[in-house]
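As structure tokens, the structure follows; a few thoughts come after it.
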Amino acid sequence: MLTTVFRLLAKTRGARALHPRGVWRTGELRGGVPPFPAEATVTVRLSKGAGTRPGWPDVLGLALRVPTESGDWDLLLSSTGTGRWSRLVPRFVRRWRDARLGTLAPYRYRGELVWFMAVPDDREVPVRFAVHRSGGDTGWQRVAELTLHPLGPHARDDDVPVAFDPVRTRPAELELAPRWLAVAREKAYEGSRRGHRGS
């Protein structure tokens with residue numbers, strides 16, 4: 001049922017079911033605190049969840065494809081709260097500088113549940129993001145920094161057909177949690193892909 005719902009939504013929109021339009025960038029990720037590599041060039045997508053007009057509130061999205069030693073990692077972040085419970089809930093914001101972009105659901109990494117969050121700089125269109133990590137509590141530790149390259153001539157979705165998928169594209173040591181939610185996300189992504197492709 002979930003696959004069908006997202007397939008129909010994507011088919012109706014003629015785009016992804018969620019975050020239908022986005023701007024593509026490349027950037028440099030520097031960290032060294034696992035699971036992040038010490039340094040990597042990443043593919044980045046900035047988007048709005050519902051695709052509202054500029055200046056309208058929406059759930060903002062930041063997607064990264066991070067190359068690691070054990071495979072690519074699609075890290076998808078959405079505007080959320082920062083507290084123990086509010087980080088589990090999407091948050092509508094108007095401006096990037098007001099957003100705190102988190103994973104919503106945690107990963108299980110080395111036996112521990114961990115959340116990730118990116119905090120943009122205070123520009124209208126951010127250039128840098130400080131990436132943080134948190135365990136079961138709400139203590140956030142800075143673990144990496146993302147710097148975006150200048151916007152190039154080929155920046156829209158049709159020019160860079162990369163399909164982010166946090167369920168399929170991740171290192172084996174990073175397990176999506178809880179398992180039932182990972183299964184639901186997999187169904188939703190499959191439905192969105194089918195609808196977008198017109199199948």
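Find the relative contact order for segment 41-128 and round it to a whole percent, using C-alpha pairs within less than 8 Å whose residues are 6+ positions apart.
Numbers: 182 pairs, mean separation 18.7, N = 88.
In percent, rounded to a whole number, it is 21.
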> How many nm separate the modelled label positions at E124 and R97, each set 7 Å beyond the Cα in the direction of the Cβ?
Replying inline: 1.1
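Give the calculated FRET efficiency between W56 and A105 to the nearest 0.05, with a Förster radius of 45 Å applied to their Cβ-Cβ distance. Spell out each step's value before the answer.
Working: r = 26 Å, r/R0 = 0.57.
Rounded to the nearest 0.05, the efficiency is 0.95.
I'd like to compare 169-182, 119-132: which one has the highest average count of other Cβ atoms within 10 Å, and what's the full order after that?
Descending packing order for the listed peptides: 119-132, 169-182.
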> With every protein chain left in place, what is the accessible area per residue of segment 17-128 in square angstrom, probe 1.4 Å?
Replying inline: 47
> ³J(HN,Hα) across segment 177-182 via Karplus (A = 6.51, B = -1.76, C = 1.60, θ = phi - 60°), whole Hz, x for Gly/Pro?
Replying inline: 10, x, 4, 4, 6, 4
>> Can you order the peptides 63-71, 51-59 by their average number of other Cβ atoms within 10 Å per residue, highest first?
In response: 63-71, 51-59
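The values are calculated or read from the model by the stated rules, or taken from the named source; none is laboratory data. None of these values were measured; they are calculated from a predicted model. Cβ coordinates were reconstructed from backbone atoms using ideal geometry, including for glycine residues, and neighbour counts include every protein chain displayed. Please note that ligands, DNA and RNA were not included when accessible areas were found on the heavy atoms of the full protein model with its side chains. Shrake-Rupley method; radii C 1.70, N 1.55, O 1.52, S 1.80 Å.
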